[in-house]
Structures are given as structure tokens and as C-alpha cells.
Amino acid sequence: MTVRTLKSADLEAVATRVGNRLAHDARRSALINAHFSGDLFTSALANATDQTWVEVDHDHIVGHLYGAVLDSSEHGRGAWIGPDGVSFDTGDVLSSMYDEASREWSRRGAAQHFAWVFDDADDIRPWLALGFEPAHRRGLMSLNHLDTSVMPTGYLLRRGHVADLELALELDRLIDEEASARATPPPARSDDVTNSWRELLDDDEVHYYVVEYDGRGVAQCVTYPLEPRRGSFDHTLHLSAVAVVGDHEHRGVARAMIAAALEHARRAGFHYAEANWSVSNRRAEHFWTRYGFQRTYVRLRRTMNSV
């Protein structure tokens, strides 16, 4: 058994493995798209042979691993492994490939490693053995049958805009405060948070929804179309930044706000919606799954200072 970087001659075999893996995930969840273009995949992977590792057993590929090293204002520099970035026949194969890859990622300054894995105990277990921990879940739902909740009396839903920047920052801080209350370190607040929100609110593809009560903004959510990616269906909407001021919680405001946002998306031609939430946030898990979002993938995380 040998671990080495990818060669051009390996591309077809790796593409077959990825196609089979996505098809297996899709059989377990109707919200995962099994469509896979081997030609497009091999074309992309051909430009990353020095960033992809394979394990070979007597000239037969038994696993592959690719992680994109990216800079993020929220996570810093990290290595990201997508559902199409890994395949392995056994946990030992994954361990051998990860040993090689992680050394290179660390050399390139990637302090954290992330992997999106199908949300099943058997799929997650080999990663736990490597020191990864569940961090966030991805939930999907079809927009064919939507919730019909209406906004409670006295509340007004409107479309937000750049002039609401200070409100967006105020409500966004509630999300960080909730993370702190759960004894979970909130995402690092970088100097460009304000600029990020300003760009978001100024983007024509982004919809920023605000709920007002007595003329004051008390809730928000953001929606925007997801870029095409393997495993996801076209016309999928991402829903995020959901926050409700404390004394307006448990009144049905969030549910009605989200129902309106998703109905607007359905009428605009979207077929699916995605939401992500922290694994440690049991309240969010309960809310999203009760709303109708089904767990598909979980994002695992390993920080190198814990090695």
C-alpha cells in the first residue's frame, strides 16, 4: 500500500470513485443530487494533481483525498474537503492519506481542517479517529410544500437594504452572543465584518428580510442563490443569519418570516432551500428539523493546535 500524489493516469479511476460515492449518498437522501459529470471532474482535478493524494494497492486505487487551502475572514486559513474530495475503502486508508495531506496543509499554513461528510454515524466514525469533531450541519428541504405560517399581529415584514446596515450588525451580534452563551467560541469578529455586511446588502441577488415591531427591527434573515456544486441541485437557495430579539422570541415571528422568504423564493423559481446550524446549538437543530429541513451533510473540524 502506497500513498502518493495523483497522476494523470489516475483521473478516470478517481472520477469513478467520486461518482459512485455521490450516488451512494443520493440513495440515502433524496435531497442529494446524484448527477455527476466525470469529464468536468477530471478536467478540474487535472489541475490539482499536486494537491491530491491517492492510496494504491497493487496498482489499484483504494482511496483519494483532496483539500483546498483557502483563506476565510471567519476561519482564517484552512483546508476544506468537500463530499467529492475524498473516498476510501477503509479507515486505515483515510488515515494514511490524511497523514500525508495534513503535513502539506500545515506547511502551507492551514491551521484548521474541515470535511463535509454524509451525516451518518458510520461515515463520521473514521474522521473522529483522526481527531475531527462535528461542527455544523447542513439541512435541505424541497419548496414543493411550504409552511403557511402568518406574521403575528403587530409585526411587519419588509425587504431590507443597505440603509439597514446598523440593524444587520446589531442582530448579527445576537448570533455571536448566543454562541457564547452555549460555551461555544463564536466566530472570530474580523475588522471587515461591516464591509462584508455592506457588500451583502448591496448585492442584487441577496434578499435581506426584516421584521419590525413598533417601527423597530426585531428579526432578520438573509437568502441568496447557491453556486452550482456537486451533490446539490440547481436552483437551491441558502438561508442564513436568522436572528430574533430576545423579548420577541417564541411568538412565531421567525417561522412566519422564513415562510414568507421561502414562498418568495419558490415563486422566483427556486426548488430547494438550505440552512446550516451549529451542532452544539440544540435549539437551532430542533427548530430547523421541525420546520422541515432534513440533515444531509455534517461539517467536521480539526484544529492543528490540538494535535
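None of the figures in this text is laboratory data; all of them are computed from the coordinates on show. In this text the structure is predicted, and so the values were computed from the model without any measurement. FYI the Cβ positions are ideal-geometry reconstructions off the backbone, even for glycines, and counts take in every protein chain you see.
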- Relative pair counts by distance (%), Cα atoms of the range 104-175, 10 Å bins: 12, 22, 27, 24, 14, 2
- Note on the structure: Computed on Cα atoms only, the convex hull of the chain has an orientation-averaged projected area in nm² of 16.5 nm²
- Note on the structure: Per 10 angstrom bin, beginning at 0 and ending with the bin that holds the maximum distance, the Cα pairs of the range 1-69 fall in percents of 21, 47, 28, 4
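Mind checking the range 65-144 for trypsin sites (Lys or Arg not before Pro) that DSSP puts in a loop (not H, G, I, E or B) and that have at most 13 other Cβ atoms within 10 Å?
On the way: sites: R77, R103, R107, R108, R137, R138; in loops: R108.
Hits after loop and neighbour filter: R108.
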- Task: Please name whichever of L262, L6, F233 sits farthest to the positive end of the charge dipole of the chain, dipole taken about the Cα centre and charges placed at Cβ: Lys and Arg +1, Asp and Glu -1.
- Result: L262
- Message: For the chain, take the longest principal axis of its alpha carbons; what is the angle in degrees between that and the long axis of helix 282-291, to the nearest 10 within 0 to 90?
- Response: 80 degrees
- Message: Which residue fluctuates most in the GNM of the chain (Cα springs below 10 Å): A30, A79, A243?
- Response: A30
- Relative to the Cα centre, what is the charge dipole magnitude of the range 54-138, using +1 at the beta carbon of each Lys and Arg, -1 at the beta carbon of each Asp and Glu, and rounding to the nearest 20 debye? 500 debye
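First check a/c for the range 2-138, with a ≥ b ≥ c the square roots of the eigenvalues of its C-alpha gyration tensor; if it is under 1.5, answer rounded, and if not, answer prolate when a/b is larger than b/c or oblate otherwise. Please list the in-between numbers first.
Details: a/c = 1.32, a/b = 1.06, b/c = 1.25.
Rounded, because the longest to shortest axis ratio a/c is under 1.5.
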- Item | Shape of the range 136-277, Cα gyration tensor, a/c cut at 1.5 | rounded
- Message: I'd like to compare 252-264, 48-60: which one has the highest average count of other Cβ atoms within 10 Å, and what's the full order after that?
- Response: 252-264, 48-60
- Item | Value of relative contact order over the range 2-138, rounded to a whole percent, pairs C-alpha under 8 Å and six or more apart | 22 percent
